[in-house]
Amino acid sequence: MNNEKTVRPFGIRDKVGYMFGDFGNDFTFLFASTFLMIFYTKVLGISMNLVGILFVVARCVDAFTDVAMGQIVDRAKSTKNGRFRPWILRMSGPVAIASFLMYQSALAGASMTVKVVYMFVTYILWGSVFYTSINIPYGSMASVLSSESDDRSSLSTFRSVGAALASLIVCVGGPMLVYTTDADGNQIVDGSRFTLIAGVFSVGAIICYLLCYYMTTERVQKVETVTGEKPSVVQSMKAALTSRSLLGIIVAAIFLLLGSLMSQSVNQYVFIDYFKDKAGVSLLSLCAIIPSFVLAPFIVPLSRKFGKRELGAIGCYIGGGACVALYFMHTTSMMTYIGVSIIAYLGFGFFNMIIWALITDVIDDQEVKTGKREDGTVYAVYSFARKIGQALAGGMGAWALSLAGYNSSVQVQTTEVAHKIYDVATLAPGILYICVGLSLTFIYPLSKKKVEENIATLKERKNAHKEEN
């Protein structure tokens, strides 16, 4: 890899390029997390229980693919384009094509056996194989674009902005295209539109990935302070899993994904079956995005002053409290529901904006303690934890809706079922977001002071390595 002195200085080009990476990710990921369960149940007519089983099975496959990909990128030799960026170029096409294949409405008339088999094959191919092969390198790349804490906080913020821009298109515009209204005012899914929208989003993903690849530059060299044989996969995994900082962020991540994705997927049913207004889906999604743009200019100075861990924990307490308040209010006013939700989004928006900077802090902490820098392995373990959260969120959401009496064989649900859906969408996420804050406060050890100490230690080691050479 090129030495830091001979490459373009870190700047806005890297930040915007890194932003496009998550923009590309979320063209397929957000579309799946928001609409895939809708497609499986309302278009293909597959039961909630089978969809829940799919999500759990896929995450078991991820247990192997995530770790394998992390090891591959950690052991890969550097090229003139770095260790991580080439994977974005290689896998952009396959992940986009696999995403498109999941939404084939022509299968609606096929036998249930064919639909279920197709569902399992295409979902695992997209999520466990191709998405993993691009997301692990992309996430790991943040720690090698710059070694400065403020730069990494900026990258985390821009990544969140990229996700917000994708949400603006996928979550705000998507419902207006996917749903149609019948003569009785009920919101009905148009299956043929799903396929068309999936194709457009796949093309958008490829464009964003290419922008990410060409606009970013890897700068931080992988310096091994301990010589000898490379650690085995088992040794690397053991070292990662004995890290309190990694375990702390894993626990927080699982609670975060359980809360956010469960809320995201079940809220579709709240607005369609409880409020009976598809515009509410888009409006809530828009309100969820606004905090990202409002908070973005303040994240770096606030995290510099108070610390990333401290900022994230307080935000999650506020967000969780707002969700619990909605449960007890049980409002019939859609605008009141959206208004209180905005407070929740502002709260845990702080954590979402700095989460990726926390991962680079964990990677630094691991290097300080072991003398080895294994960006890919650490990120792979964290990514797998996120996928556990995604699986549990999808499974819990599907199973909770099933327990509430949701009937996937009909488009319109009963009033009783609709009220139970409201309860699921508010109380469960509220409790889970509060648990995120507790995890950061009592388990995750990387306070503002500790992060600063780790950065200083690594700079000293890097300078010593340069002097030796």
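The values are calculated or read from the model by the stated rules, or taken from the named source; none is laboratory data. No experiment lies behind these values; they were computed from the predicted model shown. Heads up, the Cβs are rebuilt from the backbone with ideal geometry, glycines too, and the neighbour counts pull from every protein chain shown. Please note that ligands, DNA and RNA were not included when accessible areas were found on the heavy atoms of the full protein model with its side chains. Shrake-Rupley method; radii C 1.70, N 1.55, O 1.52, S 1.80 Å.
Count of the stretch 244-287 residues, restricted to those that are surrounded by fewer than 21 Cβ atoms within 10 Å (Cβ to Cβ), of a type in the set (Gly, Ala, Ser) and either within 22 Å of the chain's Cα centre (by Cα) or over 29 Å from ASP190 (Cβ atoms) (or both), is 1.
Screening THR360, THR331 for residues that are among the hydroxyl-bearing types (Ser, Thr, Tyr) and either in contact with a His (Cβ under 6 Å, 6 or more places away or on another chain) or open to solvent by 10 Å² or more (accessible area, probe 1.4 Å) (or both) leaves exactly one candidate, THR331. Is there a residue being touching a Lys or Arg at 6+ places or on another chain (Cβ under 6 Å), at pLDDT 90 or above and assigned to a helix (DSSP H, G or I) anywhere in the stretch 41-51? The answer is no, given that none of the residues of the stretch 41-51 is touching a Lys or Arg at 6+ places or on another chain (Cβ under 6 Å), at pLDDT 90 or above and assigned to a helix (DSSP H, G or I). Taking the stretch 101-115 as the range and being surrounded by fewer than 19 Cβ atoms within 10 Å (Cβ to Cβ) and either modelled with pLDDT of 95 or more or in a helix (DSSP H, G or I) (or both) as the test, the residues that pass are LEU101, SER105, ALA106, LEU107, ALA108, GLY109, MET112, THR113, VAL114. Within the stretch 50-101, the set of residues being small (Gly, Ala, Ser) and under 25 Å from SER202 (Cα atoms) comprises GLY52, ALA58, GLY70, SER92, GLY93, ALA96, ALA98, SER99.
Could you tell me whether the stretch 382-389 includes any residue that is open to solvent by 10 Å² or more (accessible area, probe 1.4 Å) and either more than 16 Å from VAL73 (Cβ to Cβ) or touching a Leu at 6+ places or on another chain (Cβ under 7 Å) (or both)? Checked against the condition, which is being open to solvent by 10 Å² or more (accessible area, probe 1.4 Å) and either more than 16 Å from VAL73 (Cβ to Cβ) or touching a Leu at 6+ places or on another chain (Cβ under 7 Å) (or both), the stretch 382-389 yields at least one hit.
Screening ARG59 with (1) among the basic types (Lys, Arg); (2) closer than 25 Å to GLY259 by Cβ; (3) without any contact (Cβ under 8 Å) to a residue 60 or more places away in the chain gives one miss only, at (3). Only a single item in (1) open to solvent by 40 Å² or more (accessible area, probe 1.4 Å); (2) under 18 Å from ASP361 (Cβ atoms) is not met by ILE299, and it is number (1). Just one of the numbered conditions (1) open to solvent by 10 Å² or more (accessible area, probe 1.4 Å); (2) under 25 Å from VAL381 (Cα atoms); (3) modelled with pLDDT of 90 or more is not true of ILE72: (3).
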